[in-house]
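In what follows, a single structure is set out as C-alpha cells and then discussed.
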Amino acid sequence: MQTKTVSVAAVSASVGLNIHKGKTKVLEFKTENSNPITLDGKTLEDVESFKYLRRIIDEQGGSDADVKARIDKARTAFLQLKNRWNSKQLSTNIKVRIFNTNVKAVLLYGAETSRTTTTTINKVQVFINTCPRKILSHHWLNTISNSLLWERTNQLPAEEEIRKRRWKWIGHTQRNSSNCITRQAPTWNPEGRRKRGRPKNTLRWEIEADMKSMKNDWKELESIA
C-alpha cells in the first residue's frame, strides 16, 4: 500500500492534483502488516471507519453501521415534515409521495451496492412500516396488517425494494464498456486468504444467488443488458 500510495500521489501531481494528507485516512482490513502509510514524510491517520460519498465504511464493509446511520437520518427527515403528515389539506397520496421522495430516498440511499442481512432488512422494514402508520394516523389500538398497510400506501417490502434497485444498478454497470471499473467491480476477486470460520455474506454472493434463482449467469446478464 505504501508503494501504491506514492504512485497515486505521483500520477496525481503530474496532472496538477495534490492529495490532502489531513483528509486521507487508512483503514486496515485483514492485513498482518501494521507499518504506517506515509506521504511526503507525513504519517496518514489510521481509522476504524470513515465516510465516503455519505456512506460509512468500516472493517465489516460498513453495512450495519451505515444502516443505523441512514435510519437516523431518515427519522430526522420524517420528523422535520411533521406538519405535512398532520395536514388536513394534503391527500394521503400526496403525503406518500412526499414520504417516498424526502424520507425513503434518504433511507435507501446506496442500498443497492451494500450486502444485506436479515437483521438489517428487518430494521429498515420496521422503520418503513412505522412511517406510513403515522401518515395514515392509525391509532396503536386499531391494528392493521403490514400487507394491507403496504397496499394502501403503495409500498414494496424493503427486501424487494432493495433488490429492485440493485438490479437496476447492475443493468447500468453491465451496459458500460468491458474495461470500465464499475463493470469489473461486481465480479472482481480480491487477493488474500479468508480467516477461519464461516465467511460473511457478500454483495456478490447475494447477486449470484438471485441469478441462480432466475437461472442466469454473468454472461447472460451482459447480453440482456
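Data table
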quantity: Separation of alpha-carbon centers, the stretch 43-78 and the stretch 131-188, rounded to whole Å; calculated: 20
quantity: Net dipole in debye of the chain [+1 Lys, Arg Cβ; -1 Asp, Glu Cβ; about Cα centre; nearest 20]; calculated: 760
quantity: Long-range HN-HN contacts of Leu39 with modeled amide H, under 5 Å; calculated: Leu44
quantity: Reachable lysines, given that their alpha-carbon falls under 18 Å from the alpha-carbon of Lys200 and they are not under 8 places away in the same chain; calculated: Lys30
quantity: Residue-span extension gain [Thr118 to Asn201] - 0.36 nm each, minus C-alpha spacing; calculated: 28.8 nm
quantity: Kirkwood-type radius of the stretch 62-156, with distances r between different C-alpha atoms, in Å; calculated: 14.0
quantity: Quotient of Cα Rg and 2.2 N^0.38 Å for the stretch 112-190, N being how many residues it contains; calculated: 1.51
quantity: Proximal aspartates and glutamates to Lys212, defined as alpha-carbon separation beneath 12 angstrom and excluding residues fewer than eight positions away on the same chain; calculated: Glu220
quantity: Difference of contour (0.36 nm per residue) and Cα-Cα distance, Thr76 to Val6; calculated: 21.1 nm
quantity: In nm, spacing of pseudo-spin labels at Ile144 and Asp40 (7 Å Cα→C-beta vector); calculated: 5.9
quantity: ³J(HN,Hα), Karplus 6.51/-1.76/1.60, whole Hz, each residue of the stretch 142-156, x for Gly, Pro; calculated: 8, 5, 8, 5, 4, 4, 5, 4, 4, 5, 5, 10, 6, 10, 9
quantity: Anchor Lys51: aspartates and glutamates whose Cα lies under 19 Å away (excluding residues fewer than 8 positions away in-chain); calculated: Glu28, Glu59, Asp64, Asp66, Asp72, Glu112
quantity: Helix-only CD estimate at 222 nm, as mean residue ellipticity for the chain, using -39500 (n - 2.57) per DSSP H run (n ≥ 4); calculated: -14500 deg cm²/dmol
quantity: Ranked by how many other beta carbons lie within 10 Å on average, peptides 71-81, 102-112 from highest; calculated: 102-112, 71-81
quantity: Estimated distance in nm for a label pair at Phe29 and Asn102, the labels positioned 7 Å out from Cα along Cα-to-Cβ; calculated: 3.6
quantity: Of every Cα-Cα pair in the chain, the percent that sits beyond 32 Å; calculated: 37
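Values in this text are rule-based calculations from the coordinates and carry no lab data. On a predicted model such as this, the values are computed, not experimentally measured, just so you know. Note that each Cβ is placed from the backbone with ideal geometry, even for glycine, and that neighbours are counted across all protein chains shown.
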